[in-house]
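The values are calculated or read from the model by the stated rules, or taken from the named source; none is laboratory data. Keep in mind the model is a prediction, meaning the values are calculated, not measured. Reconstructed Cβ throughout: ideal geometry from the backbone, glycine too, with neighbour counts over all protein chains shown. Ligands, DNA and RNA are stripped out before the accessible areas are found, and what is left, the full protein with its side chains, is counted by its heavy atoms. Shrake-Rupley method; radii C 1.70, N 1.55, O 1.52, S 1.80 Å.
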Amino acid sequence: MLTYQDLLAVGKDEKDRMDFIRRAINEHENSEAYQMAVDAELYFRGENPTINRYEKIIYDMQGRAHRDMYTANHKIASSFFGFDVRQEVSYLLGNGVTFQDDATKDKLGKKFDLEIVRAGKYALISGVAFGFWNLDHVDVFKLREFVPLYDEENGALMAGIRFWKVADDKPLRATLYEVDGYTDYIQRSGEDMTVKKEKRSYILHLRSTEADGTEIYDGENYPSFPIVPLKNGEDALSELTGKRNTVDALDLCTSNMVNNVDEGNLIYWVLTNCGGMEDLDDAKFLDKVRTTHIVHAGVEGDEGATAEPHTIEAPFSGTEATIDMLKRKLYEDFQAFDSSAVSAGNQTATAIAASYTPLDLKVDDFEASVTEFILGILALAGIDDEPSYTRSRIINRAEETQTILMGAEYYDDEYITKKLLTINGDADQYDALMERKAEEETERLEEETFPPEVEEETEVTEDAEA
């Protein structure tokens with residue numbers, strides 16, 4: 001494993017640095033973490049690489065193995081891993097990140113919440129993701145496209161290489177990020193790697209003159225390395241780690257059930273007193289059955305020839321029970337929330353909260369990692385603030401609303417309004433609601449202070465008219 005100290009040992013010679021970049025990329029792509037990230041992304045998309053590589057094997061009379069070309073071999077993959085990752089990310093980050101200062105979100109860019117969701121998904125899938133503070137917004141890198149270079153002494157991320165190809169026949173692009181700037185490289189097919197853009201600072205200052213136009217006159221860097229890792233736990237392991245075999249068992253069991261049903265659709269014939277028939281005669285017999293649906297049973301001596309059809313009944317009950325058991329185990333292993341447990345309409349708030357306990361325990365650990373990641377981004381942006389989150393969950397709205405209103409005398413109007421809006425799924429409408437209420441209060445006070453004038457009506461009698 002190459003480290004930050006290995007990069008420093010290379011020196012400033014660009015040829016040596018490009019050799020180091022190629023070596024680092026090759027080592028990264030051959031690492032266990034990278035291979036796990038590749039497979040985990042397939043599981044996330046609903047593809048099971050283990051099942052896809054699985055082939056049925058049969059053995060001949062001499063004990064030699066052959067690929068089974070005769071029986072059904074359906075390969076069915078579940079999407080449980082993708083469901084688990086999306087559930088965990090949505091549960092913690094579905095309502096966005098909240099800060100104490102409303103101006104913080106504007107300083108972090110319009111897509112900050114979206115980028116944090118992406119970083120969360122990448123971290124759960126691969127074990128780690130990387131957020132690059134790019135002047136006024138966050139760019140997120142996958143483990144599959146970024147080689148981290150950690151410090152050997154304190155384990156801090158001190159440099160990194162982002163690499164990518166838009167297609168196999170296109171050039172390899174690489175960017176080396178260091179504390180004092182970044183350098184772009186390119187390697188075209190059949191050519192050596194070259195410098196595409198020389199090292200430059202992360203923050204560039206521009207000036208424009210009528211004579212010279214726009215030019216860079218100065219640059220500066222951040223107080224620390226501007227890429228922050230978002231780790232899934234202290235060990236930065238994929239959420240699939242330790243649970244992959246259970247997912248494979250479910251997919252294999254489901255595939256075998258379909259294969260058994262497919263093979264169970266076969267009908268075989270038992271021919272009695274037809275020992276003289278050869279393979280060609282058997283084929284002619286089946287062709288005759290398929291075309292005319294008539295079987296002629298001849299008589300040979302005193303024993304009559306008979307043909308009797310039979311069907312194979314696929315084993316279903318045992319396999320179904322196994323599949324149900326594996327699904328329950330997956331929910332337990334992944335600590336996922338099973339919505340079917342609270343599908344009944346009469347579930348109390350206490351019962352619903354208890355169903356969320358495993359997911360809460362898991363998300364508490366992930367929340368700590370996300371908070372550490374966001375605090376690192378805030379430090380680079382020069383912002384003093386702290387993040388908070390509103391978790392998304394199924395609730396008994398009537399019971400939750402009643403609980404809030406029963407304690408209304410102990411809360412202020414802002415707290416009650418926010419809680420009720422959150423219960424109804426309208427938390428984002430708080431500011432607009434407060435503005436409307438303020439306008440209504442202003443209008444009411446104006447009416448009380450300056451009541452509208454009422455014109456006096458004059459009664460005209462007939463004598464007056466005369």
If you go through PHE146, PHE163, the only one that is closer than 20 Å to ASP16 by Cβ, among the aromatic types (Phe, Trp, Tyr) and at pLDDT 95 or above is PHE163
Restricting to the stretch 224-252, give me the number of residues that are closer than 17 Å to TYR4 by Cβ and either aromatic (Phe, Trp, Tyr) or free of Cβ contacts under 8 Å to residues at least 40 places away in the same chain (or both).
1
Considering the stretch 16-26 alone, what residues qualify as being loosely packed, with under 12 Cβ neighbours inside 10 Å and closer than 18 Å to LYS197 by Cβ?
none
Among the residues of the stretch 292-301, is there at least one that is more than 26 Å from TYR389 (Cβ to Cβ), at pLDDT 75 or above, open to solvent by 60 Å² or more (accessible area, probe 1.4 Å) and over 51 Å from the mean Cα position of the chain (by Cα)?
yes
Which one of these does THR50 not meet: (1) in a helix (DSSP H, G or I); (2) over 23 Å from VAL258 (Cα atoms); (3) modelled with pLDDT under 95?
(2)
Between a first residue in the stretch 430-446 that is under 24 Å from ASP102 (Cα atoms) and a second residue that is open to solvent by less than 60 Å² (accessible area, probe 1.4 Å) and not in a helix (DSSP H, G or I), which pairs have beta carbons less than 9 Å apart while being 6 or more apart in sequence or on different chains?
LEU433/ASP426
Check on ALA438, at pLDDT 70 or above and surrounded by fewer than 15 Cβ atoms within 10 Å (Cβ to Cβ):
yes
Report yes if some residue within the stretch 121-137 is of a type in the set (Gly, Ala, Ser) and farther than 29 Å from GLU239 by Cβ; otherwise report no.
no
Looking at the stretch 169-187, which of its residues are in a loop (DSSP other than H, G, I, E, B) and farther than 17 Å from LEU149 by Cα?
ASP169, LYS170, PRO171
Yes/no for PHE132 being at pLDDT 95 or above and in contact with an Asp or Glu (Cβ under 6 Å, 6 or more places away or on another chain)
yes
Quick one: would you say LEU124 is aliphatic (A, V, I, L, M), part of a helix (DSSP H, G or I) and open to solvent by less than 50 Å² (accessible area, probe 1.4 Å)?
yes
Listed residues GLY190, GLY155; which is open to solvent by less than 60 Å² (accessible area, probe 1.4 Å) and not in a strand (DSSP E or B)?
GLY155
Sort out for me the helices (runs of 4 or more DSSP H) sitting completely within the stretch 320-418 that have 2 or more residues that are at pLDDT below 80 and surrounded by 13 or more Cβ atoms within 10 Å (Cβ to Cβ).
349-355, 397-406
Of VAL140, VAL147, the only residue that is crowded, with 18+ Cβ neighbours inside 10 Å, part of a strand (DSSP E or B), aliphatic (A, V, I, L, M) and over 19 Å from the mean Cα position of the chain (by Cα) is VAL147
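What about LEU445, is it open to solvent by 70 Å² or more (accessible area, probe 1.4 Å), part of a helix (DSSP H, G or I) and modelled with pLDDT of 80 or more?
Judged against the criteria, LEU445 is not a match.
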